[in-house]
1. Pick from the range 304-319 the residues that are of a type in the set (V, I, T) and out of contact with any Ser or Thr (no Cβ under 8 Å at 6 or more places or on another chain): which of them is nearest to D33 (Cα to Cα)?
2. Under 8 Å by Cβ, and 6 or more places apart or on different chains, what pairs join a residue from the range 297-317 that is charged (D, E, K, R) with one that is within 9 Å of ligand 2 (Cβ to nearest atom)?
3. Residue by residue through the range 291-313, note down the ones that are closer than 22 Å to S48 by Cα and either within 16 Å of ligand 3 (Cβ to nearest atom) or more than 26 Å from the chain's Cα centre (by Cα) (or both).
4. For residues that are surrounded by fewer than 17 Cβ atoms within 10 Å (Cβ to Cβ) and either of a type in the set (A, V, I, L, M) or touching a residue at least 24 places away in the same chain (Cβ under 8 Å) (or both), tally how many sit in the range 104-116.
5. Please determine whether any residue of the range 196-216 is more than 21 Å from V12 (Cα to Cα), modelled with pLDDT of 95 or more, within 16 Å of ligand 1 (Cβ to nearest atom) and crowded, with 20+ Cβ neighbours inside 10 Å.
6. Is it the case, given these coordinates, that I223 is within 22 Å of V12 (Cβ to Cβ), in a helix (DSSP H, G or I) and touching a Ser or Thr at 6+ places or on another chain (Cβ under 7 Å)?
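The values are calculated or read from the model by the stated rules, or taken from the named source; none is laboratory data. It should be emphasised that the depicted structure is a prediction, and the values quoted were computed from it without experimental measurement. Backbone-built Cβ (ideal geometry, glycine too); neighbour counts: all protein chains shown.
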Amino acid sequence: MNANGGDRVLEVRDLSVSFRTGRGVVRALRHVDMAVPRNKIVGIVGESGCGKSTLINSVLRLLAANAVVGDSSTVLFRGDDVLRMNDRQLRAMRGQKISMVFQDPMTALNPVISIGTQMADILYRLDMTAAGKRERAADMLAQVGIPDPMRRLDDYPHQFSGGMRQRICIAMALMMNPALLIADEPTTALDVTLEAQIIHLMKDLRARFECSMLFVSHNLGLIAELCDEVVVMYAGEVVEQGEVHDLFHRAKHPYTQMLLECDPARIEKASRALPTIQGSVPDLIDLPRGCIFGPRCPKRYEPCDASPPGTYGVNAIHSARCFQVRDA
Ligand SMILES: Nc1ncnc2c1ncn2[C@@H]1O[C@H](COP(=O)(O)OP(=O)(O)O)[C@@H](O)[C@H]1O
Ligand code: SF4
Ligand SMILES: [Mg+2]
């Protein structure tokens, strides 16, 4: 999709993932293509159950035991296929080169170990003195806006507010200078004011640390503010993707259009979740024959029921999986 082709930190090609269950095979991701160019922030947006976490877990090779990955799928991280890495390569990649920030900071922090010790532990691979590691940890806390960082190193997670804890998680994620930072709904647990502060911080850090980010959110407003490119997912497929302004101003897929038509104020205040579109996500065990969005699509016409649409270019930096783009 990224027409200028520049170097890509992450390149996901034809990724299909199914889960074997007692009810049948859940086809959670189907032929997903997306990429994160170097020093760019790519946002993934879509309703719950559309496959966002399955995509991230595939990148980190943390899929559940009942997952089956398609034979032709590739997930290239800086040119190396993650799906074919051995355990040693995976460990090195997860700890040092890709960092994660989770929705709930408490899942990432150990409640009974001081922040300073947890941060120093991340640096265990580096040949540094204990004092040097403490200094580095305090410096990172300062970078993410924690006041009086040297003293606060001895505090425990519960002594910080929710917003401060998420700042600490971001500091920890950045400590190894990762090539890619993955954030899975990092502000969903915070109130709107703190959310805005964290987004501001992430933009600021991106400029200072030159790291690429994959940012998962169901909040379109945040995606618009933070990201350079957007990937819209629906029921296990990428239905539209492109450069952020182009996609927001010229959305072509009816699903994206329906998301955008909803009042942004409502997204912010009432639920802070995707506004509901009539109908529900299809059963991923028994998929419709034609377009995956067909059963909910107000613009459906005759080709839509016969076979699924391909991905068609809107322009060089924007594509959508909808027959209307092909026939325009
Ligand atoms: N281990 C699993 N076994 C069976 N189904 C799963 C498993 N993990 C996820 N799924 C299903 O895969 C689909 C995508 O889930 P997920 O990637 O968690 O979506 P999202 O993160 O967008 O909410 C959902 O239908 C979910 O129920
Ligand atoms: S292909 Fe048809 S059913 Fe699918 S989103 Fe486009 S118009 Fe709607
Ligand atoms: Mg998820």
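1. The qualifying residue nearest to D33 (Cα to Cα) is I317.
2. From residues that are charged (D, E, K, R), the pairs are K299/P254; K299/Q324; R300/C291; R300/G294; D305/G290; D305/C291; D305/G294.
3. The answer is P295, P298.
4. So the count comes out to 7.
5. no
6. Spelling it out, I223 is indeed within 22 Å of V12 (Cβ to Cβ), in a helix (DSSP H, G or I) and touching a Ser or Thr at 6+ places or on another chain (Cβ under 7 Å).
To keep it simple, each residue is scored yes or no on (1) β-branched (V, I, T); (2) out of contact with any helix residue (DSSP H, G or I) (no Cβ under 9 Å at 6 or more places or on another chain); (3) in contact (Cβ under 8 Å) with a residue 40 or more places away in the chain.
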| site | (1), (2), (3) |
| --- | --- |
| G22 | no, yes, no |
| R27 | no, yes, yes |
| V32 | yes, no, yes |
| A35 | no, yes, no |
| N39 | no, no, yes |
| V45 | yes, no, yes |
| G51 | no, yes, yes |
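Listed here are the residues, each with its yes/no results for (1) outside any helix (DSSP H, G or I); (2) farther than 25 Å from D14 by Cβ; (3) among the aliphatic types (A, V, I, L, M).
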position	(1), (2), (3)
L90	no, no, yes
S99	yes, yes, no
T107	no, yes, no
N110	yes, yes, no
M119	no, yes, yes
M128	yes, yes, yes
